[in-house]
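To start, the structure itself, in structure tokens.
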Amino acid sequence: MRERIPVVVQGRRARVRGRVAHGLWVSAEAVVTIGVVVLLLVVHQLWWTNRQAREGAERKVQALEREWVEPGGSAPVEQPDVEPSAVAEEAEESEPRDERAGPSGTARQPEPPRWDQAYAVLRIPRLGVVAPVAQGIGKKGVLDKGYIGHYPQTAQPGQAGNFAVAGHRNTHGEPFRYINRLRAGDEVTVETRDGVYLYEVDKGVPQTSARDTGVIAPVPRSLVKPSAGYSEPGYYLTLTTCTPEYSSRYRLVVWAKLASMKPR
């Protein structure tokens, strides 16, 4: 009787083990590759987009400041601060001639900013924020460039009503990342070709619906939380951003009131 040598069996087992090992190796390579790709995407979103957007925003701020300097390189003449309430009272008593009036004495109204055009600079000293403000709230043309976007159909800086703006909280410069840290009395200034407008933070809404349009109304008041907001016309500034961080599900809102204006 011949002896059976299990050479074939061992060969099959070796091949199976080899295939399993190869499969595990391929899977491990795939996991590592995916991990590297994800890591690169995270680095791109959290670091590179911030760097690009901040550098671009800084250049735009510098360009705007150069544009606002009077011909010949001289800086604008300093003017005394004017209380918004005083401006309103003067307007009721008389109709002062606008400095930009034409020969007939009729005031020339400044043309509205073009879409995606940066035309103002917003500063929040407490947070170290200095960013250009552009017309519109589109991502590609405005927000993703590190700019702060002005909601169309809301007031312009210094005007009666509500000057409402939006900014990214995370990535692309994230100018509004820490506006939740603002407290009553903190200053926010908005500078344009026509003047500098100082707003003081008053109150806000930590979280509301992304469709809560009441927060940017001329008299801002939340439609979701009616107790939050105002009941009388005034000179308001509204800062809005996404919340919680790394999510766009809700909106965080900060309101401020115009304290003074300094015309150029």
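For 199, 236, which order do you get if you count the other beta carbons within 10 Å of each Cβ and list the fewest first?
Ranked by crowding around the Cβ, least crowded first: 236, 199.
Give the order of 148, 124 when sorted by the count of other beta carbons within 10 angstrom, beginning with the fewest.
Going from least to most buried by this count: 124, 148.
Would you please classify the overall shape of segment 126-226 from the alpha carbon gyration tensor, given that a ≥ b ≥ c denote the square roots of the eigenvalues, rounded means a/c under 1.5, and beyond that prolate means a/b larger than b/c while oblate covers the rest?
Here segment 126-226 falls in the rounded category.
What distance in nm separates the simple spin-label points at residue 181 and residue 63, each placed 7 Å from Cα in the Cβ direction?
Once both label points are built, they end up 3.0 nm from each other.
What number comes out for the charge environment of residue 177, summing +1 per Lys or Arg and -1 per Asp or Glu over other residues with Cβ under 11 Å away?
On the way: positive: 169, 181; negative: 174, 245.
Value of the local net charge: 0.
Consider a paramagnetic label point 7 Å from the Cα of residue 227 along Cα→Cβ; state which residues of segment 243-264 have an amide N under 20 Å from it.
Only 251-255 fall inside the zone, counting backbone N under 20 Å.
Under unit Cβ charges (Lys, Arg +1; Asp, Glu -1), what dipole magnitude, rounded to 20 debye, does segment 123-264 have relative to its Cα centre?
Roughly 240 debye, rounded to the nearest 20.
List 246, 230, 197 from most exposed to least, where exposure is judged by having the fewest other Cβ atoms within 10 Å.
Starting with the residue having the fewest Cβ neighbours, the order is 246, 230, 197.
Go ahead and run the numbers for FRET between residue 140 and residue 17, Cβ-Cβ distance against an R0 of 51 Å, rounding to 0.05.
With a Förster radius of 51 Å, E is 0.45.
Do you know the relative contact order of segment 174-242, to the nearest whole percent, from alpha carbon pairs under 8 angstrom that are 6+ apart?
Value for segment 174-242: 20 percent.
What's the FRET efficiency of residue 247 with residue 126 using the Cβ-Cβ distance as r and R₀ = 30 Å, to the nearest 0.05?
About 0.80, to the nearest 0.05.
In a Debye calculation with equal point scatterers on the alpha-carbon sites of segment 184-264 and no solvent, what is log10 I(q)/I(0) at q = 0.23, 0.24 Å⁻¹?
So the normalised log intensities work out to -1.04, -1.09.
Go through 60/139; 139/257; 60/140; 203/225; 139/203 and tell me which ones have a Cα-Cα distance over 19 Å in this structure.
139/257; 139/203
Read-outs throughout are calculated quantities, based only on the coordinates presented, and are distinct from any laboratory measurement. Model, not experiment: these values are computed from the prediction. Glycine gets a Cβ as well: all are built from the backbone with ideal geometry, and neighbour counts include every protein chain shown.
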